[in-house]
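Q: Handing you this structure, nothing more for now.
The values are calculated or read from the model by the stated rules, or taken from the named source; none is laboratory data. Bear in mind that the values here come from a model prediction, so they are computed numbers and not experimental data. Using ideal geometry, Cβ is built from the backbone for each residue, glycine included, and neighbour counts are taken over all protein chains shown.
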């Protein structure tokens, strides 16, 4: 009899415990759901605030010149979407760049493509090569040179803009694309640091095996280091 009563009490206690745990878990799930909803609401509000100027710019660009001018000066309020979008504003603006129709836009597009491609290539090649040297080549003063290179990141652009202008003027590079392209082939301190930290994590045994196979340092850098540094290269290119 005592055994039956004990089992009944144990069953009732277990049932009460199970119900209380179920209620606790339900409350916990509800709290997590509410917290996630609050987070999403905050993120949505922040995204809306950041996108509002872009939306306003798009709406103004599709308005007529009269309504756009009045909206910019505060003379009228804009609707969420223009009643009659002027899609011809974009080709008209691109066509009227420069004295010859479309020539100004095409020249600007070509210059942007040339500068972007060459700057990306120069930055990736030079920064990865210097980062490889700092990470794997041991020579006297390498640590001091690395710290000196890092210290250049603390120089603001306002300090070097006048010396760079004088240098480019003496080289005859004014009114050309060379000042935008050539410095990229001398490395970037931040990307050199990123490449150096990434290359330092590559196992030394992999490089030793490449040396046994007859690769030189340049061969190791080109055939092994660069392919392994694709994540850093993607960041550098973007």
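Q: Could you check segment 57-67 and list, in sequence order, the residues that are over 33 Å from the mean Cα position of the chain (by Cα) and surrounded by 11 or more Cβ atoms within 10 Å (Cβ to Cβ)?
A: Once the filter is applied, which keeps residues that are over 33 Å from the mean Cα position of the chain (by Cα) and surrounded by 11 or more Cβ atoms within 10 Å (Cβ to Cβ), segment 57-67 yields 64, 67.
Q: If you scan segment 118-144, which residues turn out to be in a helix (DSSP H, G or I) and farther than 13 Å from residue 185 by Cβ?
A: Result: 131, 132, 133, 134, 135, 136, 142, 143, 144.
Q: I would also like to ask the following. Have a look at 84, 142, 112, 151 and point out the one that is more than 20 Å from residue 236 (Cα to Cα), in the same structural domain as residue 198 (by TED's automatic domain parsing) and loosely packed, with under 15 Cβ neighbours inside 10 Å.
A: Being more than 20 Å from residue 236 (Cα to Cα), in the same structural domain as residue 198 (by TED's automatic domain parsing) and loosely packed, with under 15 Cβ neighbours inside 10 Å holds for just one of 84, 142, 112, 151, which is 142.
Q: When residues of segment 65-105 are filtered for being modelled with pLDDT of 80 or more and at positive phi, how many remain?
A: Selection size over segment 65-105: 1.
Q: Now for a different question. Restricting to segment 163-181, name every residue that is in contact (Cβ under 8 Å) with a residue 12 or more places away in the chain and surrounded by 15 or more Cβ atoms within 10 Å (Cβ to Cβ).
A: 179, 180, 181
Q: Still on this structure, I have one more. Give me a count of the residues in segment 175-201 that are within 22 Å of residue 224 (Cα to Cα) and in a loop (DSSP other than H, G, I, E, B).
A: Selection size over segment 175-201: 4.
Q: If you don't mind, there's one more thing I want to ask. Name every residue in segment 155-186 that is closer than 18 Å to residue 127 by Cβ and either outside the structural domain of residue 117 (by TED's automatic domain parsing) or modelled with pLDDT under 90 (or both), in order of residue number.
A: 155
Q: Please identify the pairs in which a residue from segment 108-131 that is on the phi > 0 side of the Ramachandran plot has its Cβ atom under 9 Å from the Cβ atom of a residue that is at pLDDT 95 or above and part of a helix (DSSP H, G or I), counting only partners at least 6 apart or on another chain.
A: none
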